[in-house]
Amino acid sequence: MQIITIRKDTILKHIIFALLIAAAISTFFVPHSVNPEPVTVKIYFVDADMMRLMPVKTSIPGTSTKRMAQYVLDTLIEGHDENPKIRRLIPNEKGCMTVRIKDNIAYVDIKNSMVESHPDGRDLEILTIYSIVNSLTELDGIVNVRFTIDGEIQKKFMGYVDMRETFIPDYYV
């Protein structure tokens, strides 16, 4: 009888210990995965006169570089129409741009429908390109940006900028 009692006590202690370990592990990991630390970045929008880029500081969820990059693109697409100091150049077409990251380069794929609905003009084309480039390179892990249109490397975006280039930020645009 006494041997059975010891085993029950030992088993009970092991179960309690395992539950304590499980509770400690879940307490440590769950809060970090549910609420990622926000990251403050500058997103470059076009000013109201459509002459230059204006950085707007914003907080985004701090997740993987790819997810943060897609969040930045989605923010550029969504725009800040309520702010009279900035204008939208990128058409508000959900999913018109996607991104993947490889070797510190963001590869942005633009749908042809966005290109067709974009306002025409050399300066507007440059502002759009550098709005994307400057915003994405604000993120840790992205140094350069390359573009494709519908998955294909194109010579021109709308006829002015050579899209075969690898772009670096230009904060004087």
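Its alpha carbons give the chain an Rg and a Dmax of 24.5, 92 Å.
Solvent exposure of the range 46-173, expressed per residue, is 54 Å² of accessible area, with all protein chains present and a 1.4 angstrom probe. Within the accessible surface of the range 77-173, defined with a 1.4 Å probe on protein heavy atoms only, the carbon and sulfur portion equals 45 percent. Annotation for the range 86-113 versus the range 122-142: alpha-carbon center distance of 10 Å.
Available extension along the chain between GLU93 and ILE126 is 9.9 nm, counting 0.36 nm per residue and deducting the alpha carbon span. Computed from phi, the 3J(HN,Hα) profile of the range 106-122 under the Karplus parametrisation 6.51, -1.76, 1.60 (θ = phi - 60°) reads 8, 9, 9, 9, 10, 6, 4, 4, 5, 4, 5, 9, 6, x, 7, x, 4 Hz, with x in place of Gly and Pro.
Among the listed pairs LYS42/LYS66; LYS42/LYS85; LYS66/LYS155, those whose Cα-Cα separation exceeds 21 Å are LYS66/LYS155.
Taking the helices alone, the chain has a mean residue ellipticity at 222 nm of -13000 deg cm²/dmol, built from -39,500 (n - 2.57) per DSSP H run of at least 4 residues and averaged over all its residues. Packing, as the average of other Cβ atoms within 10 Å across residues, places the peptides 89-97, 133-141, 115-123 in the order 133-141, 89-97, 115-123, highest first.
Computed over the chain, relative contact order equals 18 percent, with contacts defined as Cα pairs under 8 Å that lie 6+ residues apart. In this label model, VAL56 and LYS155 are separated by 3.6 nm, measuring between points 7 Å along each Cα→Cβ vector. The modelled label-to-label distance for the pair GLU78/THR10, using points 7 Å beyond Cα in the direction of Cβ, is 5.9 nm. Helix 2-34 and the longest principal axis of the C-alpha atoms of the chain enclose an angle of approximately 10°.
The values are calculated or read from the model by the stated rules, or taken from the named source; none is laboratory data. Nothing here was measured: the structure is a model prediction, and the numbers come from that model. Because the Cβ atoms are built from the backbone with ideal geometry, glycine has one as well, and the counts that use them run over all protein chains shown. To get the accessible areas, we keep the full protein, side chains included, count just its heavy atoms, and leave off ligands, DNA and RNA. Shrake-Rupley method; radii C 1.70, N 1.55, O 1.52, S 1.80 Å.
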